[in-house]
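So the structure is just underneath, and the comments pick up after that.
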Amino acid sequence: MKLYTKTGDKGQTSLIGGRVDKDSLRVEAYGTIDELNSFIGQAMAELDQTACRDIFDDLEAVQNELFDGGGDLANVMKERHYKLSDEPIGVLEQRIDELMEEAPPLEKFILPGGSKAAAALHVCRTVTRRAERVTVTLMKQEEDVPGTVQRYLNRLSDYLFVAARIVNKRADVQDNEYVRSAKVFRTEDKKKAKDGE
């Protein structure tokens, strides 16, 4: 079996149940999720698995869930059976709450950075936000786009924010606060303070 097929040489690609131009919004949406998955893999490679094995395991599950979500967006069959369910969203919410209990108090906006692993997770967070934006636009333009994917991406960006902070904390690296930030979060609201959205 050859890796190259030459079927995309005229600027089209196959979906599950059809073909579209490679620059279609649907391809942009699941392509951005694929990009995100690659950055997740890069972040995993940077993690200290002794100190952050739980986060590594979380991200391993996330990679599979992103593959499911991308496949769901690529599905244009008349009868569609989607793989990504609401259950992983609930798991992300639980993990966010658990990690927020461990996180240092959050009062000001922080800048992406710190340890290499945390910086990589912040890149993942911003790519997740872009994937979500493209998915929302797709939902406005086409019917039968699974909303579960958008909700999952929304929670995932929150998870990645707090995970980056935990990785810094466990590495004994302080978050880099935005120097001109007022105190925008109250300590008692730290469970609700995700990434400012």
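Select, from ARG53, ARG129, the only residue that is basic (Lys, Arg) and under 25 Å from SER24 (Cα atoms).
ARG129
Of a type in the set (Asp, Glu), within 21 Å of ASP34 (Cβ to Cβ) and either at pLDDT 95 or above or touching a Leu at 6+ places or on another chain (Cβ under 8 Å) (or both): which single residue out of ASP86, ASP97, ASP68 fits that description?
ASP68
Looking at segment 150-176 only, could you name the residues that are of a type in the set (Val, Ile, Thr) and either surrounded by fewer than 21 Cβ atoms within 10 Å (Cβ to Cβ) or over 13 Å from GLU102 (Cβ atoms) (or both)?
VAL173
Would you confirm whether or not segment 137-149 contains a residue that is open to solvent by less than 10 Å² (accessible area, probe 1.4 Å) and assigned to a helix (DSSP H, G or I)?
Taking every residue of segment 137-149 in turn, at least one turns out to be open to solvent by less than 10 Å² (accessible area, probe 1.4 Å) and assigned to a helix (DSSP H, G or I).
Looking at segment 105-119, which of the residues that are assigned to a loop (DSSP other than H, G, I, E, B) and touching a helix residue (DSSP H, G or I) at 6+ places or on another chain (Cβ under 6 Å) is nearest to LYS183 (Cα to Cα)?
Per the stated criteria, the residue is PRO105.
Tell me which residues, restricted to segment 71-101, are under 20 Å from THR135 (Cα atoms), in contact (Cβ under 8 Å) with a residue 60 or more places away in the chain and within 17 Å of the chain's Cα centre (by Cα).
Correct list: ASP72, LEU73, LEU84, SER85, ASP86, PRO88, ILE89, LEU92.
Filter segment 29-59 for residues that are free of Cβ contacts under 8 Å to residues at least 12 places away in the same chain and outside any helix (DSSP H, G or I); which is surrounded by the most Cβ atoms within 10 Å (Cβ to Cβ)?
GLN49
Anything in segment 98-128 that is open to solvent by less than 20 Å² (accessible area, probe 1.4 Å) and within 21 Å of LEU59 (Cβ to Cβ)? List them, or say none.
Selection gives LEU99, MET100, ALA103, GLY113, ALA117, ALA118, ALA120, LEU121, HIS122, CYS124, VAL127, THR128.
The values are calculated or read from the model by the stated rules, or taken from the named source; none is laboratory data. No experiment lies behind these values; they were computed from the predicted model shown. Cβ: placed from backbone, ideal geometry, glycine included. Neighbour counts: every protein chain shown. When the accessible area is computed, the model is the full protein with side chains, heavy atoms only, and any ligands, DNA or RNA have been set aside. Shrake-Rupley method; radii C 1.70, N 1.55, O 1.52, S 1.80 Å.
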